[in-house]
Structure formats: structure tokens, C-alpha cells
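To start, the structure itself, in C-alpha cells.
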Amino acid sequence: MNSGATRPGGDTALTANLGFSVSSLERIIAIHRPSATVDVRTAYSLGNRGTAGLSEFQYLVNSESYPARPVLIDSKGAESMAETLIADHALADFKKSATFNNGFAAVGTLGVGTSALTGDAPDIEKEVCFMIPSPIGTTAGAASAAGVAATASDVGTFVVATEFESGLSDGKSSTIYSGISTIASVVQWVGKYAVPTASIFTIDFFAQYTVLLSLDTRGSGVWSISV
């Protein structure tokens with residue numbers, strides 16, 4: 001299930017109503033995409049995601065905050081990344097691996113010059129890709145080759161996810177369903193944007209939730225689904 005909103009350029013706050021009405025909401029994923037390239041065939045319109053100057057966010061369900069304290073977005077995105085890992089049940093799951101630098105090992109010597117291990121050293125295809133405010137989204141980037149310098153990517157990969165299940169962050173929730181009910185509730189995104197931008201962003205929200213399938217074995221013999 002997905003919903004959407006638009007962040008006009010220059011705004012510093014946005015409250016958007018989301019049409020999520022389910023009995024067991026588990027998590028919401030939010031992405032910001034520059035509206036100018038959303039329908040441009042020659043741009044990476046689907047996967048090009050930026051921060052849009054986002055400084056903090058949370059959700060309101062009938063005016064109750066989730067999480068209780070707003071998630072802060074700093075220059076490195078540490079807190080938002082932790083929240084995203086919690087939503088993916090991976091924060092404490094050491095069996096689950098990820099490659100945040102898109103598979104390219106950083107080069108250079110730690111703390112030495114411009115080639116320090118900062119994540120944007122030469123031969124890294126995506127230069128600080130996770131926290132780009134307004135990614136252009138037209139160049140995928142390329143590692144250096146013989147006689148050819150590396151090309152930095154301008155495709156952003158920022159994403160935030162929020163957990164609505166209770167006490168589940170170790171990757172073992174496959175048989176436990178404890179999402180919150182949003183039936184007959186008002187679900188809202190509340191985002192604050194510290195850096196005004198002239199760009200307009202399309203914000204997409206994706207809700208994941210549990211459904212109940214039941215088979216009437218004593219009557220009609222048909223399946224029914226409860227959202």
C-alpha cells in the first residue's frame with residue numbers, strides 16, 4: 001500500500017495525511033524524489049532519492065507520535081539509518097549483512113589527504129550517495145580505468161523507514177504480528193526541513209502490514225481476507 005505527498009520548494013515543514021487504514025501496520029518507508037526528473041526518461045527517476053533538506057520526522061496516528069521522539073537527520077544520517085535498520089529487524093541481527101557503499105571498497109589511507117577513507121575517495125562510484133540533498137539523478141558514475149578518471153555519481157539513495165511493531169528488532173518476527181491498528185485513524189507524516197530548497201520533491205510512502213487469510217470450512221468453502 002502506498003501514498004504520496006509533495007514538498008514545495010522553500011517550505012520548512014510538511015504535514016501530510018496518509019491513507020493507511022489497516023489492522024496491523026508494521027512499518028512505513030518514505031522516500032523523497034526530485035519532482036523535475038520523476039517522469040524524465042533519460043534520468044534515474046525511480047531510484048534517485050535525496051534528503052530534500054529533511055532535518056527531523058515522525059508520524060502521528062490520531063495525534064500520538066511514532067516514534068515518541070522525532071528522528072533527527074544529521075549530515076551523516078546515523079540516527080535515521082538506525083531507525084531504518086530497526087524497521088528492517090536488522091539492528092541486532094548479526095546474520096544480516098548489507099553493503100552501504102554499493103559494493104565498492106574505499107581506497108586511500110585513513111586520515112591522509114583527500115584519499116582518506118571517507119566514503120568518497122577515488123574509485124567510489126557513488127560519492128556520499130546516501131545524504132545528497134538534491135540529487136540530479138542523470139549520471140550513474142564510473143570507477144577509474146586506465147587513463148580515465150573516475151566519474152562521481154549524482155544519483156542519491158536516501159531512504160527512511162519507521163517501525164510500528166512492538167519490541168521486534170532481532171530478525172525473528174516471522175511468526176509474531178504486533179503492528180498497530182490504524183482503522184478509522186488519521187495517519188500523518190510530520191517532517192521538518194532545515195535547509196530550504198528551490199526544488200520540489202515528490203514524497204512516496206509505502207506501508208507494510210499483516211493481512212489475515214481465513215478459509216470457511218464449515219460453509220461456503222471460500223477464502224476471505226481481512227486487512
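If we scan region 48-65, do we find a residue that is at pLDDT 85 or above, under 25 Å from Ala140 (Cα atoms), of a type in the set (Val, Ile, Thr) and crowded, with 17+ Cβ neighbours inside 10 Å? Taking every residue of region 48-65 in turn, at least one turns out to be at pLDDT 85 or above, under 25 Å from Ala140 (Cα atoms), of a type in the set (Val, Ile, Thr) and crowded, with 17+ Cβ neighbours inside 10 Å. Residues in region 47-73 that are closer than 13 Å to Lys192 by Cβ, assigned to a loop (DSSP other than H, G, I, E, B) and out of contact with any Pro (no Cβ under 6 Å at 6 or more places or on another chain): Ala52, Ile73. When region 27-41 is limited to residues that are modelled with pLDDT under 90 and of a type in the set (D, E, K, R), the one that is surrounded by the most Cβ atoms within 10 Å (Cβ to Cβ) turns out to be Asp39. For region 16-34, a tally of residues being assigned to a strand (DSSP E or B), out of contact with any Asp or Glu (no Cβ under 6 Å at 6 or more places or on another chain) and closer than 29 Å to Pro135 by Cα returns 9.
The values are calculated or read from the model by the stated rules, or taken from the named source; none is laboratory data. Predicted, not measured: the structure shown is a model, and the values here were computed from it. Ideal geometry is used to build each Cβ from the backbone, glycine not excepted, and the neighbour counts take in all protein chains shown.
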